[in-house]
Amino acid sequence: LFWWSHVAREGLASFLNGYFACLRPGATVVIIDNNYVPGSSTRISRTDAQGNTYQTRSLRDGTSAEVLKNFPTGKEIEGWLKPFAATLDIKQFTHYWCAVLTGSRS
């Protein structure tokens, strides 16, 4: 539910291991998050040394905040999720991607 993009790349392995450890073997998992779409997405304000990307967002009170917002490629998603899945189906849409893991292992 749009959490993947807010996890730092260097912490993703630990996050995924913890996440899948909480599931029963054989669980089906659906993960959905944003794709970066030039002209539609908030522009990327900077990229750090680990490859994490950030956006600057305006808040209602007029201030702004920098938000971690990574946009993984299909190959990256597959590489991270394949160890946890008996089957994996990744769909790419214009604004979103969706991964369905069936028979997930924990």
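Hey, what number do you get for the chain at 222 nm if only DSSP H runs of n ≥ 4 count, each worth -39500 (n - 2.57), divided across all residues, to the nearest 500? Working shown, then result.
Values: 2 runs with 18 residues, N = 106.
The helix-only estimate for the chain comes to -5000 deg cm²/dmol at 222 nm.
Over the chain, calculate the relative contact order: mean separation of alpha carbon pairs under 8 Å at least 6 apart, over the residue count, as a percent.
Values: 177 pairs, mean separation 37.8, N = 106.
Contact order relative to length: 36 percent.
Give the angle, between 0 and 90 degrees and rounded to the nearest 10, that separates the Cα long axis of helix 12-21 from the longest principal axis of the Cα atoms of the chain.
Helix 12-21 sits roughly 40 degrees off the main axis of the chain.
Just in the stretch 36-106: which trypsin sites (Lys or Arg not before Pro) are loop by DSSP and have at most 13 other Cβ atoms within 10 Å? Please list the in-between numbers first.
Working: sites: Arg43, Arg46, Arg57, Arg60, Lys69, Lys75, Lys91, Arg105; in loops: Arg43, Arg60, Lys69, Arg105.
Hits after loop and neighbour filter: Arg43, Arg60, Arg105.
Rolling a 1.4 Å sphere over the protein heavy atoms, what is the accessible area per residue of the chain, to the nearest Å²? Provide the component values of the computation, followed by the final result.
Working: 6460 Å² over 106 residues.
So the chain comes to 61 Å² accessible per residue, rounded to a whole number.
The values are calculated or read from the model by the stated rules, or taken from the named source; none is laboratory data. Keep in mind it's a predicted model, so treat the numbers as computed, not measured. Every residue, glycine as well, gets a Cβ built from its backbone with ideal geometry; the counts of neighbours run over all protein chains shown. Surface accessibility is based on the protein's heavy atoms, side chains included, excluding ligands, DNA and RNA. Shrake-Rupley method; radii C 1.70, N 1.55, O 1.52, S 1.80 Å.
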